[in-house]
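S.K.: Below you will find the structure I want to go over with you.
The values are calculated or read from the model by the stated rules, or taken from the named source; none is laboratory data. Being a predicted model, the structure only gives us computed values, none of them experimental. Heads up, the Cβs are rebuilt from the backbone with ideal geometry, glycines too, and the neighbour counts pull from every protein chain shown. Remember, those area values only see protein heavy atoms, side chains included, never the ligands or the DNA or RNA. Shrake-Rupley method; radii C 1.70, N 1.55, O 1.52, S 1.80 Å.
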Amino acid sequence: MPQPGPGQVLVRVKGSSVNPIDAKRSTGYGRRVLALKGAARFPAVLGNDFAGVVQATGAGVTACKPGDRVFGLVPTGAHGAHASQVLADARYLRAAPANHTHQELAALPYTFTTLWLALRSVGLNQHNAKDKEVLVHGASGGLGQLSLQVLSRWGARVTAVCSTAHVQRCKDLGATVVVDRTRRALSTLPTCYDATLNFAIWQDERALVSRLKPGAMGHATTVHPLLDSMDVHGWFKGGWRVYRAWSAMRGAARAAGGRGTRYAWTIFQPSTEALHALEALLLANVGLHLPIGLIIPIAQGEQAFAHVAQQRPGRAILMPE
C-alpha cells in the first residue's frame, strides 16, 4: 500500500472512468511521446479521473481528511486511476457534492479539463462567451456534450455537428443549431463563427477552420496527429510532419480570421483552474453530467475498454469493489 508524501492524498477508489485515450493507449498508441512521462512501460496503470474516499493524507494537506468523499485527476504517467487505491496530488482533488454518486463524478474530470483547456486556448470563458457563435464538431461525444452544456450556460450560440441519431440529444443539451453531418457538408456552413472546436476527426480540420469569420477568436482541436505521427514516423520525420500539419492549419486559421486568430492543439494535463470551474458548476447544481453506459467491476475491465473502443453510448466506469 503506497503511503502519501507531503502534499499527497491516498484515495480508495469507488469509480474510475475509461476514456477514449485509455482505449487507444491500451493498443500502444502514443507510446513514443508518453514514454517521456514514464507512461509507456509495463507495469502500466491507465486512467486519469476517479472518485472515492480519502484513506490517508500527507504532510501539509489541510483541504481534506480521512473519510471525506472526493473526486479528481492524476496526470498521465505509470500510475493511473484504474486501481483500488490512488496516490493523488492534493491540488487535483475536490470535495464530492453530496447529490452526486462516485460513478457520476468519475466520468467528468478528464473530459471537462480537456474541454476547459480547449476553450481557454481560443480565449473563450464565462465572461466573454455571451452571444458568440461557436461551431462544435463531434457534439455527441463526451467533449461535445459537455461543451454544449457549458457554452449554452455561458450564453454562447452553439452550432452542433453530429450524426442523425444524436440530433435531438444535442438540442436538449443547449445547441442553438444542429447540423446532421450525414446530410450536410461542413463546407456548406456559413463563415460566421467566432470559434470552432474539433472533437471528431482530423480530416475535417481544414473545413472547420475555414468557417471562421474575419476577426474570429480561434480554433482548437483535440484530434490532432501529434502522438500518431511520432509513433509511426519517429522523432525526426514525425516531428517534421507534425510541424507541417500544425503550421498549415495555423495559416488557414489566420487566412480565415486574421493574424490575431488563435490556433491550438489541445493536450490534456491536470489543471487546478479547470477543477475549480467543474466544482463550481457541480455545486451550482446546473445539471452538468455525462450519461453512463456501463458500470463494471475492475476485474472485468476488458469489457469497459471494448465499450469505449466500439463507441457504444455512455461512459464506461470501473468499480474496484
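S.K.: Identify, from the list Glu302, Glu279, Glu273, the residue that is of a type in the set (Asp, Glu) and farther than 22 Å from Trp154 by Cα.
M.R.: Being of a type in the set (Asp, Glu) and farther than 22 Å from Trp154 by Cα holds for just one of Glu302, Glu279, Glu273, which is Glu302.
S.K.: Are any residues in the stretch 261-279 in contact with a Ser or Thr (Cβ under 7 Å, 6 or more places away or on another chain) and open to solvent by 30 Å² or more (accessible area, probe 1.4 Å), and if so, which ones?
M.R.: If the condition is that a residue be in contact with a Ser or Thr (Cβ under 7 Å, 6 or more places away or on another chain) and open to solvent by 30 Å² or more (accessible area, probe 1.4 Å), then Arg262, Trp265 are the ones that fit.
S.K.: Same structure, new question: Quickly run through the stretch 152-210 and pick out the residues that are out of contact with any strand residue (DSSP E or B) (no Cβ under 9 Å at 6 or more places or on another chain), closer than 20 Å to Asn128 by Cα and free of Cβ contacts under 8 Å to residues at least 40 places away in the same chain.
M.R.: Trp154, Gly155
S.K.: In addition: Tell me whether the stretch 214-232 contains one or more residues that are free of Cβ contacts under 8 Å to residues at least 24 places away in the same chain, farther than 22 Å from Val161 by Cα and surrounded by fewer than 17 Cβ atoms within 10 Å (Cβ to Cβ).
M.R.: Yes, the conditions are met somewhere in the stretch 214-232.
S.K.: Take Gly138 and tell me if it is under 17 Å from the mean Cα position of the chain (by Cα) and at positive phi.
M.R.: Spelling it out, Gly138 is indeed under 17 Å from the mean Cα position of the chain (by Cα) and at positive phi.
S.K.: So, one more: Do we find that Leu93 is within 19 Å of the chain's Cα centre (by Cα), open to solvent by less than 20 Å² (accessible area, probe 1.4 Å) and under 15 Å from Tyr110 (Cβ atoms) in this structure?
M.R.: yes
S.K.: Please indicate, with yes or no, whether at least one residue in the stretch 132-140 is buried (at least 24 other Cβ atoms within 10 Å of the Cβ), farther than 16 Å from Asn198 by Cα and of a type in the set (Gly, Ala, Ser).
M.R.: There is no residue in the stretch 132-140 that is buried (at least 24 other Cβ atoms within 10 Å of the Cβ), farther than 16 Å from Asn198 by Cα and of a type in the set (Gly, Ala, Ser).
S.K.: Shifting gears a bit: Inside the stretch 299-315, can you point out the residues that are closer than 17 Å to Ala81 by Cα and crowded, with 18+ Cβ neighbours inside 10 Å?
M.R.: Of everything in the stretch 299-315, those that are closer than 17 Å to Ala81 by Cα and crowded, with 18+ Cβ neighbours inside 10 Å turn out to be Gly301, Ala304, Phe305, Val308, Arg315.
S.K.: For the list (1) of a type in the set (Gly, Ala, Ser); (2) farther than 18 Å from Leu119 by Cα; (3) surrounded by 13 or more Cβ atoms within 10 Å (Cβ to Cβ), I need the number of the one condition that Ala195 fails.
M.R.: (2)
Every residue, every condition in (1) in a strand (DSSP E or B); (2) open to solvent by less than 10 Å² (accessible area, probe 1.4 Å); (3) among the β-branched types (Val, Ile, Thr); (4) in contact (Cβ under 8 Å) with a residue 24 or more places away in the chain, yes or no:
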{"residue": "Pro2", "(1), (2), (3), (4)": "no, no, no, yes"}
{"residue": "Ser16", "(1), (2), (3), (4)": "yes, yes, no, yes"}
{"residue": "Asp22", "(1), (2), (3), (4)": "no, yes, no, yes"}
{"residue": "Ala35", "(1), (2), (3), (4)": "no, no, no, no"}
{"residue": "Pro43", "(1), (2), (3), (4)": "no, no, no, yes"}
{"residue": "Ala56", "(1), (2), (3), (4)": "yes, no, no, yes"}
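S.K.: Still on this structure, I have one more. Quick check on Ala78: is it surrounded by fewer than 18 Cβ atoms within 10 Å (Cβ to Cβ), at negative phi and at pLDDT below 95?
M.R.: Considered against the rule, which asks whether it is surrounded by fewer than 18 Cβ atoms within 10 Å (Cβ to Cβ), at negative phi and at pLDDT below 95, Ala78 comes out as yes.
S.K.: Go through (1) hydroxyl-bearing (Ser, Thr, Tyr); (2) over 26 Å from Glu321 (Cα atoms); (3) out of contact with any strand residue (DSSP E or B) (no Cβ under 6 Å at 6 or more places or on another chain) and name the single condition Ser121 misses.
M.R.: Only one criterion is unmet by Ser121, namely (3).
S.K.: Looking for whichever is of a type in the set (Phe, Trp, Tyr), open to solvent by 30 Å² or more (accessible area, probe 1.4 Å) and over 30 Å from Gln126 (Cβ atoms) here; the options are Trp246, Trp240. Which one fits?
M.R.: Going through Trp246, Trp240 in turn, the sole match is Trp240.
S.K.: Taking the stretch 149-180, which residues are among the hydrophobic types (A, V, I, L, M, F, W, C), in a helix (DSSP H, G or I) and within 20 Å of Arg312 (Cβ to Cβ)?
M.R.: Ala165, Val167, Cys170
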